[in-house]
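What follows is a short report on a single structure.
Laboratory data are not the source of any read-out in this text; all were calculated from the coordinates shown. None of the values given here were measured: they were computed from a predicted structure. Positions of Cβ are backbone-derived with ideal geometry, glycine not excepted, and every protein chain shown enters the neighbour counts.
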Amino acid sequence: MQGKFCIKGASTTAMFLQQTGNCFVSLKNYLFMSLLRCRTRKLIVAFLILFLGVFYTLPVQSGELRRPFQGVRNLGMGNAGIALSFDENALFYNPAGLVGVDAIIVGLPLLLEVSEDSVDIVNEISKLEGSSSTAEVVELLMGKRAHFRALIDINVIMPFGELVTLGGARGYELQLDLGVRNPVAIEIDFGMRLDQITNLGFGLPLARGRWLFGASVEEVKRCDMPLTTATIGTVLTSSNLSDTFGPLCDRNNLKKAQTFNFGFQRRLESASALKMTWGFTANNVGGLKFNRSDNETSPADQEPEYSTGLSWQPDWGPFRWLFALDLRDLTMKHADDTYCQTKKDTNCIIKRLHFGTELGFFPIDSGASTFAIRAGYNQGYFTHGLEFNPFIFARGLNLQYAVYKTETGNKPGDRPDKRRVFQINFGF
């Protein structure tokens, strides 16, 4: 009896110790997860404080860095997208992001962008009477710069499970710029650019999906008329614009160039709750060199451009809150930025800083939500935007809007230009 009692007591003691051990393990796991959630919240709060603080402390920078086919979604988020490109814009920001596309995308976007000066000019001219003189119209234009951009293309993204994702885009983009200055001897600035671009790329996962690699080949056919100045007298006496500013861009007379783009994204395992991703791109590898004649200087060739970025993508059920931070053109050799090619100072570094956030409600796929609001920082200016899919859980009709500013002058704070972008996208 005594032996049975001892055996029973030992068994009871063992069960008690095991249950106690399980409690300690559960308590340990609970404390660890609480600490992780606390640190996660602190990281998000810290990022938001930094995000908002920069809006009010960074100085305004200068120099518009023109890049074709910039997405409305990205522009609303400060034009960031190196580590957050899981949609049709991946081909132009980071082809490695194609791997993150989780559904077939076929889109036909129509984009229209105008500067705020353009809207003001139209409103003011509409108020003039039919007998208004040219002088009155010029007075309204004085000191303003009208900007117009239109884009139409077709894009297809097709994932093949976890093996590879293929993507392609082809379309046209037109930009027009018009400005009036010098009230003493009135001068008119006019510029124009027309691009026909074909971009074909792929993305594939490596190391069990921890690394994402992508590449694309891009063909650019371009006509670029840099801003050219003429007096108001010359413009009025000319029968058409080509007599004053030179031959206008013609779709049948574009200069051709071809280049390659490479990129990767690394899914970081630390702080997994934040779903952090680091990205890097090398665009225009080998240079973007146009087949110009010996006496031609336009369109300008582009040097290789290297960029890096970081993103946070926490998943909160029916909500998606994304954050992205980019530093683009690390070598400061962009052809449009002659100021920073020689003045590689802190201001030029800040000018290449982009970051933004998106809060999406009821995500449809990796790149779209039923409704989303966006905000960000681009070149020293606040940006914001929104997205709406009226079909609720499908991409049949996608509406996007963004407002951003860019610096069009040659010196910091010289001439900011506020622009509004609207895009309607038909597809699935």
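For the reader, a short list of remarks on this structure follows.
- In this rough spin-label picture, where each label sits 7 Å from Cα along the Cβ direction, the Asn252-Ser272 distance is 6.1 nm.
- Label-reachable residues, the stretch 332-346, where backbone N falls under 13 Å from a point 7 Å from Arg292's Cα toward its Cβ: 335-336
- Cα Rg over Rh - the stretch 148-230, Kirkwood: 1.28
- Residues Lys344 and Thr308, FRET efficiency given R0 of 22 Å [Cβ-Cβ distance, rounded to 0.05]: 0.80
- Exceeding the 31 Å Cα-Cα cut-off - candidates Lys275/Lys343; Lys289/Lys351; Lys144/Lys256; Lys144/Lys343; Lys127/Lys221: Lys275/Lys343; Lys144/Lys256; Lys127/Lys221
- For the stretch 358-411, the pair-distance distribution built from all alpha carbon pairs, in bins 10 Å wide starting at 0, is 25, 40, 22, 10, 2 percent.
- Charge dipole (the stretch 58-427, unit charges on Cβ, about Cα centre) - positive-most of Tyr381, Ile157, Pro416: Ile157
- Simple spin-label estimate for Val285 and Arg181 gives 4.0 nm between the two label positions (7 Å along the Cα-to-Cβ direction from each Cα).
- With only the Cα atoms considered, the stretch 311-428 has a convex hull volume of 113 Å³ per residue.
- For the stretch 58-427, Kirkwood radius (reciprocal of mean inverse C-alpha pair distance, Å): 21.6 Å
- Taking other Cβ atoms within 10 Å as a rough exposure proxy, Cys340, Cys249 sort from fewest to most as Cys249, Cys340.
- Normalising the average separation of contacting C-alpha pairs (under 8 angstrom, six or more residues apart) by the number of residues puts the relative contact order of the stretch 58-427 at 22 percent.
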